[in-house]
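The values are calculated or read from the model by the stated rules, or taken from the named source; none is laboratory data. Since this is a predicted model, take the numbers as computed values, not measurements. Here the Cβ is made from the backbone with ideal geometry for all residues, glycine too, and neighbour counts use every protein chain on show. Only protein heavy atoms, including side chains, enter the accessible area calculation; ligands, DNA and RNA are left aside. Shrake-Rupley method; radii C 1.70, N 1.55, O 1.52, S 1.80 Å.
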Amino acid sequence: MASEQSSPSPSPPPPAPTTVIDLGDDLLREIFLRLPSLPSLVRAALSCRTFLSAVRSSPVFRRSFRAAHPPPLLGFFFDPDGPAIPAFAPVRRRSDPDLAAAVRGADFFFTRLPDDDDASPGWFVCDCRGGHVLLCNGRTGQFAAYNPLTGALDLVPPTPDEFFDDGHGLTSHLDCFILASEEGDGPFRLVTICHDESRARAAVFSSDSREWRIFPWSEAVEPLPEDEHWLKVGTMVNGFIYWIQANEAGLLVLNTATLHFSRMDLPPFLEGKIHLVWPGEAKDGRLCIVCPVDFGIHVWFWRADEDGFERWMLEKKFQLELKSIVEATGGSLEDVELHIVDTIDGFVYFSTGETFHNVHVPSWFLSLCMETAKLDMLFQKRCDRHVRPYIMPWPPSLVNNKLCPLLEGEGA
């Protein structure tokens with residue numbers, strides 16, 4: 001009988017190749033932490049559902065990414081000279097194409113704002129915070145909270161006429177700020193302030209109730225101000241709004257949680273320099289005061305001294321090398337007077353002058369990182385009105401409870 005030969009058993013199929021999609025969420029997040037910027041993370045996360053889920057599902061990752069990558073500056077808004085639309089000057093970073101893509105995809109021309117008069121729309125910027133641009137219409141008093149990155153628009157009615165009731169002498173509107181979540185286009189509040197000859201008053205609008213609430217006048221400041229415009233434009237830091245008094249008496253402070261006004265002293269060194277002083281926010285959210293001194297920038301922090309008493313402490317001095325920057329554009333150091341634009345998350349934004357003194361000489365706009373002392377030249381532009389930096393926020397599409405239309409219907 002012929003022997004039977006057993007047929008060879010079939011070879012097992014080769015293992016499927018491992019792709020980046022097969023990596024676990026923890027490893028994906030470790031990779032994402034090494035991306036250069038927030039726009040790069042957005043581009044990567046929106047490429048497939050697996051990546052987006054890894055980013056959305058971890059608040060810890062969001063905090064770690066923010067700590068490692070400061071929110072990027074996209075540009076500056078410049079209020080118009082007349083009843084027009086604010087102009088936007090983007091920061092150009094050829095080394096970061098994702099940042100450029102974020103700027104190209106945004107509506108920095110405010111095309112959704114209502115315009116009763118196309119030739120004179122009359123909008124100006126009050127505040128930029130959390131991705132929102134808060135605008136006010138100088139003709140109608142209407143407010144608009146607009147996110148240029150998402151297109152979310154919320155129109156807010158003017159403050160009631162009663163806001164100015166019971167004022168002593170001339171009563172003027174001063175500022176308006178927006179308080180909103182750092183993660184998305186959710187509910188928000190507006191806090192607006194007016195002042196008379198010696199007192200201030202706040203009104204709050206809630207996007208939930210759609211109503212304004214007016215609060216009582218503050219106590220009169222002492223000594224009584226000699227100037228009817230006795231408060232400079234305010235700055236909000238960590239839920240508190242700070243105004244420098246024109247008579248150098250100190251700072252007027254509003255707690256936006258309690259709507260209570262209080263007072264703070266200024267560093268004695270700054271007497272006579274209040275036109276240059278700017279309260280701001282350090283990287284850790286601490287209050288600081290920034291002031292240009294000659295061709296340098298000095299920073300004071302409000303903290304406890306060796307005896308445990310809180311006061312202003314001079315902590316940082318930055319000497320700036322501006323000669324080559326100014327002379328390269330045909331200017332002279334004799335014409336330079338540094339002006340602080342804003343201090344946000346530990347970055348000081350400033351210019352080399354205000355061009356209403358000489359409209360033919362444009363100013364350099366620069367940024368200074370207080371942590372690393374790195375000085376960046378941003379751009380050169382003529383400037384004769386208020387300037388507001390626009391910082392890219394954490395996108396709503398990268399938060400777990402937000403849908404991403406770009407990925408609807410994909411199976412990745």
What whole-number volume per residue, in cubic angstrom, does the convex hull of the C-alpha atoms of the chain give? 232 Å³
Provide the per residue accessible area, probe 1.4 Å, for region 362-402, rounded to a whole number of square angstrom. 45 Å²
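In deg cm²/dmol, rounded to 500, what helix-only [θ] at 222 nm does the chain give when every DSSP H run of at least 4 residues adds -39500 (n - 2.57) and the total is split over its residues? The partial results should precede the final answer.
Numbers: 6 runs with 47 residues, N = 412.
After summing the helix terms and dividing by the residues of the chain, the value is -3000 deg cm²/dmol.
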Would you work out if region 104-236 is rounded, prolate or oblate? Take a ≥ b ≥ c from the square roots of the eigenvalues of the alpha-carbon gyration tensor; rounded if a/c is under 1.5, else prolate when a/b is larger than b/c, oblate otherwise. prolate
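For region 212-255, with only Lys/Arg (+1) and Asp/Glu (-1) charged at the beta-carbon, what is the dipole magnitude about the Cα centre, in debye rounded to 20?
Charge dipole, region 212-255, about its Cα centre: 340 debye, nearest 20.
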Using the Cα gyration tensor of region 159-248, with a ≥ b ≥ c the square roots of its eigenvalues, what is the shape: rounded (a/c below 1.5), prolate (a/b larger than b/c) or oblate (neither)? oblate
Residue (of 70, 9, 58) at the positive-pole extreme of region 9-138, dipole from beta-carbon charges: 9
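Considering Cα pairs under 8 angstrom that are at least six residues apart, work out the relative contact order of the chain and quote it in whole percent.
13 percent
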Computing the accessible area with a 1.4 Å probe over protein heavy atoms, can you report the carbon and sulfur percentage for the chain? 51 percent
Normalised by the number of residues in region 181-223, what is the relative contact order in percent for Cα pairs under 8 Å and 6+ residues apart? 31 percent
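In what sequence, highest mean first, do 270-283, 301-314, 231-244, 211-224 appear when ranked by Cβ atoms within 10 angstrom?
Those peptides, ordered most packed to least, come out 231-244, 270-283, 211-224, 301-314.
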Extending each Cα 7 Å along its Cβ direction at residue 306 and residue 283, get the distance between those two points in nm, one decimal. 2.7 nm
Could you order the peptides 148-156, 202-210, 342-350 from most to least packed, using the average number of other C-beta atoms within 10 Å per residue? 342-350, 148-156, 202-210
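What is region 1-91 by shape, rounded, prolate or oblate, if you read a ≥ b ≥ c off the alpha carbon gyration tensor as root eigenvalues and call it rounded for a/c under 1.5, prolate for a/b larger than b/c, and oblate otherwise?
Prolate, because a/c is 1.5 or more and a/b exceeds b/c.
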Segment residue 43-residue 314, length gained on full extension (0.36 nm per residue, minus Cα span): 93.4 nm
Based only on Cα atoms, what Rg/Rh ratio does region 267-310 have, Rh being taken as Kirkwood's radius? 1.00
Using the heavy atoms of the protein chains and a 1.4 angstrom probe, tell me the accessible area per residue for region 87-228 in square angstrom. 49 Å²
Running a GNM on the chain with Cα contacts under 10 Å, which residue among 130, 167, 82 ends up with the highest mean-square fluctuation? 82
Which of the lysines could be linked to residue 273 by a straight reach, that is with a Cα gap under 27 Å, when you skip same-chain ones fewer than 8 residues away? 232, 283, 316, 317, 323, 374, 381
